[in-house]
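As structure tokens, the structure follows; a few thoughts come after it.
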Ligand code: IFM
């Protein structure tokens, strides 16, 4: 392989996880019921009826997991807080025992020199709030800000990096528009108020965190460079419509203070917006979290203007694919990052890649090792793609692999293994894969020739 590129000496190298996907312990220490507990209990929602009840048992094994990160030489870890551990029903005083868990986790990270990146919301809404309308209800945004205040009050002295939401697009689209994620509502474009209320929650959360003294506040979006299938006007318009829905709906309000043109969806004005909302949503951020998995190729729908949606996802072909059948296109990450810089210029804060990774059908071999050459190629390609974006002047400051551990992959249950550490879910035995060893060695190599920060 070509020598790895250089990165600044303070570049962050880590992994990412989310509460419901790894913690388990769903009935311990006063945790309330979340929408994902409810969703998993509904027959047919999650493949093979899997649930997050035990997941990776990280709630009890976090010390072992932090030790693994330290052995791999990682200096950053992104995790999320389960709202229902802090407020069982999503409102009211904080549950001290729930906060104690994250307190212990943060101290353990500090003891190993690992910088915590805390995400407040990664899709596990308190069911009690969902029963009142969830993200379709404006009040949920205010409840989120109250929750953010509780978490910051306990952890703000040790956690510097605060992220309000993870992937609001997926929460809106999969959870409320298509119904394939919790809470399982299939409202199509009627789900748009959820997008606004999520963004309002972000804005109110930023306000609360700033008032409490947080110095590094971010939002994480999953973004995709959108490619039109052809140069035809129809395909280009379809690609622009998809870009507006997936990317710009969650970027323009934050960095431009206005919603993108959604007229392709028959939407003249975003529903639910009140005076002052966009000012809150557009408050300056210290970084943008970018989750990147693949580009999207879009064509105009064949049925013409009566089609349900103004685009068709025709898929990327001719490239390697993961076990999830996702195309592997590292150059798409460079394209995305350069495109963000070009679109938002001075309004764009520095970027952390808060997720990037792949699932493969990894197994522990007879010699006890897990050989995952495709993941090594994937990580290598994407790290080079970040270096290329940095060379083009994009200020990227960290890379967090999704994921540390094989974990509960939402509607796919435990079928998609994204970890650089294999988890045997019957025994909870952790086995670092070859890719984990590769990542450790790559970080050592890249640190060895690190550049001073530009
Ligand atoms: O597992 C998810 C994560 O929760 C959010 N981003 C994408 C990952 C892979 O699907």
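Annotations for the structure displayed:
- Looking only at the stretch 1-25, residues that are assigned to a loop (DSSP other than H, G, I, E, B) and touching a helix residue (DSSP H, G or I) at 6+ places or on another chain (Cβ under 9 Å) come to 13 in all.
- Residue check, residue 394 buried (at least 19 other Cβ atoms within 10 Å of the Cβ), more than 17 Å from the chain's Cα centre (by Cα), within 15 Å of residue 17 (Cα to Cα) and touching a residue at least 40 places away in the same chain (Cβ under 8 Å): no
- Answer from 399, 439 - the residue that is surrounded by 15 or more Cβ atoms within 10 Å (Cβ to Cβ), touching a strand residue (DSSP E or B) at 6+ places or on another chain (Cβ under 9 Å) and closer than 20 Å to residue 336 by Cα: 399
Yes or no, residue by residue, for (1) away from the ligand (no atom under 16 Å from the Cβ); (2) within 20 Å of residue 161 (Cβ to Cβ); (3) out of contact with any helix residue (DSSP H, G or I) (no Cβ under 7 Å at 6 or more places or on another chain):
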site: 211; (1), (2), (3): yes, yes, yes
site: 215; (1), (2), (3): yes, yes, yes
site: 238; (1), (2), (3): yes, no, yes
site: 253; (1), (2), (3): yes, no, no
site: 263; (1), (2), (3): yes, no, yes
site: 269; (1), (2), (3): yes, no, yes
site: 277; (1), (2), (3): yes, no, no
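- Every residue from the stretch 285-312 that is within 16 Å of the ligand (Cβ to nearest atom), out of contact with any strand residue (DSSP E or B) (no Cβ under 6 Å at 6 or more places or on another chain) and either at pLDDT below 95 or not in a loop (DSSP other than H, G, I, E, B) (or both): none
- Verdict on residue 419 being within 16 Å of the ligand (Cβ to nearest atom), under 30 Å from residue 39 (Cβ atoms) and crowded, with 23+ Cβ neighbours inside 10 Å: yes
- All positions within the stretch 158-213 that are touching a strand residue (DSSP E or B) at 6+ places or on another chain (Cβ under 6 Å), surrounded by 24 or more Cβ atoms within 10 Å (Cβ to Cβ) and either without any contact (Cβ under 8 Å) to a residue 12 or more places away in the chain or in a loop (DSSP other than H, G, I, E, B) (or both): 167
- Matching residues in the stretch 387-404 - criterion: being out of contact with any helix residue (DSSP H, G or I) (no Cβ under 8 Å at 6 or more places or on another chain) and either at pLDDT below 95 or within 16 Å of the ligand (Cβ to nearest atom) (or both): 400, 402
Conditions (1) modelled with pLDDT of 95 or more; (2) closer than 22 Å to residue 32 by Cα; (3) touching a strand residue (DSSP E or B) at 6+ places or on another chain (Cβ under 9 Å), marked per residue:
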| residue | (1), (2), (3) |
| --- | --- |
| 99 | yes, yes, no |
| 103 | yes, yes, no |
| 108 | yes, no, no |
| 123 | yes, yes, yes |
| 128 | yes, yes, no |
| 139 | yes, yes, no |
| 146 | yes, yes, no |
| 151 | yes, yes, yes |
| 156 | yes, no, yes |
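The values are calculated or read from the model by the stated rules, or taken from the named source; none is laboratory data. Treat the numbers as computed from the prediction; the structure is a model and nothing was measured. No Cβ is skipped: glycine too gets one built from the backbone with ideal geometry, and neighbour counts run over all protein chains shown.
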